[in-house]
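Below is one structure; the comments refer to it alone.
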Amino acid sequence: MQELAAQELTARDWRWHKLLRQWLQKDTREANNSSSMPIIDLTSGAPIAVQPVRVSERVERGVYVFFDVMNWRRERREFVLNYDELDQRFAMGNAIQVSNGGPVMPPGGGALGNVPSGAVSQSGMGSSGIPGAG
């Protein structure tokens, strides 16, 4: 069930960051409106839906939405993303897309916590609902 949940999250443009152990998603207008759960803006007022800037072939800098499992909320953060740090098992085509948190174990296993609809996790995912499904 956890593998299927990870596939569904990936299909909804969320990606698992292997080092941070969090689900994250590019900050898009859809990401900001896809859930009833509010997003806490931890940027310095960065505009919504601005495409990330490529730093190199495998790295980009931009604003992403993360799920904070400890505070059970989504957070917008400026972040430098190295594509090699994302789990690529369920990614379609270019594995550069970023994903939205949910109640699953991260692909590849590990300790998890629960993640609400439309959210991403720092310590992992639990086994309740799928983000953005409501």
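What follows draws every value from the coordinates through simple rules; no lab data is involved. For clarity, every value in this text was computed on a predicted model and none was experimentally measured. Cβ placement follows ideal geometry from the backbone for every residue including glycine, while neighbour counts extend to all protein chains displayed.
The table below gives the values:
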| read-out | value |
| --- | --- |
| Highest average packing first - 5-16, 38-49, Cβ atoms within 10 Å | 5-16, 38-49 |
| Those GluC sites (Glu not before Pro) in the range 18-92 that DSSP places in a loop and that have at most 12 other beta carbons within 10 Å | GLU57 |
| Built amide H within the under 5 Å cut-off of ILE40, gap 5+ | ARG74, GLU75, ARG76 |
| MET1/GLU30 FRET efficiency (R0 35 Å; Cβ-Cβ; nearest 0.05) | 0.85 |
